Amino acid sequence: MSVVAISKTDDVIEQVWGALNAEAREFTATEPALTSVLYASILDQKTFCRALAHHLAEKLATQDLAALMLRKTFMEIFTAQMGDDNSIVVSAANDLMAVRERDPACNTYLQCFLYFKGFSALQTHRVAHALWGQGRTLLAYHLQSRSSELFGTDINPAARFGSGIMLDHATGLVVGETSVVGDGCSILHGVTLGGTGKDSEDRHPKIGKNVLIGAGSKILGNITVGEGARIASGSVVLKNVPAHCTFAGVPAKAVGGPCCENPAAQMDQILD
């Protein structure tokens, strides 16, 4: 399996947007029952940016907060970040590419964009985080709550995520306020990036680039998981994890060196 490079340019948006349009047109012919969905979500949208705003707004809308207002809010945030290599839209395109490359159950970009709740939860969080940075904390918490209801994840709006992230299945994911997740990571369901104690301080994990965190793992406290590390499923990590090291157990400890160049891309959860 090849390793996906994290793009910091708009080129990745053009690549993903082209693929989404091609796949949507193909499915209008083979799955006519979804034609209206495909036109509304992709083919009637002029850009990936607008498609993302539309899709998230339709998912997150409630009787009290209509999709029209959400789309307006999302587009304001996306437009303000235009030209930023770390924008939400660039990161979303990289996230799509990561899932398409790493998940053998993902057969098209369209499948992930429309239906993978890990992708939708992460993009919702990216918007909530932007709102948090603008001081619009109540709306940020509203999106966190809606995401929890819809997608089964609970990610504090202040938590920071890099680009090219895959949240596989995502159900039961909990990410605390001062957590940081680096570029290229893969995180499976039931994972907790949690704090210890109740003091308002830097109390959550810092995850390096290209880390694989297996299903059901708990990483607790202001500790560091080094770049390219692998956390085995069901582990409880209470201390720093060196780069390119495999940790497993309760409490977790080092059980091996590098499993591969990039465990997040390889998705190999079997201990050698």
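Any read-out appearing in this document is the output of simple, stated calculations on the displayed coordinates, not a laboratory observation. Please read these numbers as outputs of a predicted model, since none were measured by experiment. Here the Cβ positions follow ideal geometry from the backbone for every residue, glycine too, while neighbour counts run over all protein chains shown.
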Using modelled amide H (1.01 Å from N, peptide plane; none on Pro or chain starts), what sits under 5 Å from the amide H of GLY221, excluding residues fewer than 5 places away?
GLY194, GLY195, THR196
Name the long-range amide H neighbours of PHE161: under 5 Å, sequence gap of 5 or more, or other chain; modelled H, no Pro or chain starts.
VAL181
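Only sites in a loop by DSSP and with at most 13 other Cβ atoms within 10 Å count here; which trypsin sites (Lys or Arg not before Pro) in the stretch 111-201 make the cut?
Working: sites: LYS117, ARG126, ARG136, ARG146, ARG160, LYS198; in loops: ARG136, LYS198.
Passing sites in the stretch 111-201 are LYS198.
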Quick one: 3J(HN,Hα) in Hz for the stretch 56-67, Karplus 6.51/-1.76/1.60 with θ = phi - 60°, rounded, Gly and Pro as x.
5, 4, 5, 5, 8, 4, 10, 4, 8, 9, 6, 4
Could you give the nm distance between label points at SER200 and GLU261, where each point is 7 Å from its Cα heading toward the beta carbon?
4.6 nm
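For the chain, what is the relative contact order in percent, using Cα pairs closer than 8 Å and at least 6 residues apart in sequence? Numbers along the way, then the final one.
Values: 588 pairs, mean separation 32.4, N = 272.
With pairs under 8 Å counted, the relative contact order is 12 percent.
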Using Cα positions and a limit of under 17 Å, work out the lysines in reach of LYS46, with same-chain residues fewer than 8 apart set aside.
LYS72
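Given Cβ point charges of +1 (Lys, Arg) and -1 (Asp, Glu) and nothing else, what value in debye, to the nearest 20, does the dipole of the chain about its Cα centre take?
Values: 22 positive and 27 negative charges, 112 e Å.
With only Lys, Arg, Asp and Glu charged at Cβ, the dipole is about 540 debye.
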Gaussian network model of the chain, Cα within-10 Å springs - most flexible of THR30, THR108, THR171
THR30
Under 26 Å between alpha carbons, and skipping anything fewer than 8 positions from LYS209 in its own chain: which lysines qualify?
LYS8, LYS117, LYS218, LYS239, LYS253
Which ³J(HN,Hα) values, rounded to whole Hz and listed in residue order, are derived for the stretch 22-39 from phi using the Karplus coefficients 6.51, -1.76 and 1.60 in 6.51 cos²θ - 1.76 cosθ + 1.60 with θ = phi - 60°, glycine and proline given as x?
4, 5, 4, 5, 5, 6, 5, 7, 9, 9, x, 4, 9, 4, 5, 5, 5, 5
Give the cross-link partners of LYS198 among the aspartates and glutamates, using a straight C-alpha distance below 17 Å as the criterion and excluding same-chain residues fewer than 8 apart.
GLU177
Per DSSP helix of 4 or more residues, -39500 (n - 2.57); summed, then divided by the residues of the chain. What does that give at 222 nm, rounded to the nearest 500?
-12500 deg cm²/dmol
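Taking each pair of distinct Cα atoms in the chain once, what is the resulting Kirkwood hydrodynamic radius in Å? Before the final figure, lay out the partial values.
Numbers: mean 1/r = 0.0530 Å⁻¹.
Radius from the Kirkwood sum: 18.9 Å.
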What residues qualify as long-range amide H neighbours of VAL241, i.e. H under 5 Å apart, gap of 5 or more or another chain, H built at 1.01 Å from N?
THR224, VAL225, GLY226
Just ILE223, ILE231, ILE207 to compare: in a GNM of the chain, with alpha carbon springs under 10 Å, which one fluctuates most?
ILE223
Quick calc: nm separation of the 7 Å Cα→Cβ label points for ALA33 and GLU177 -> 4.6 nm
Centroid-to-centroid separation of the stretch 139-163 and the stretch 65-104 [C-alpha atoms, Å]:
14 Å
Karplus ³J(HN,Hα) for the stretch 225-236 (6.51 cos²θ - 1.76 cosθ + 1.60, θ = phi - 60°; Hz, whole; x = Gly/Pro) runs 10, x, 3, x, 7, 10, 10, 5, 4, x, 7, 10
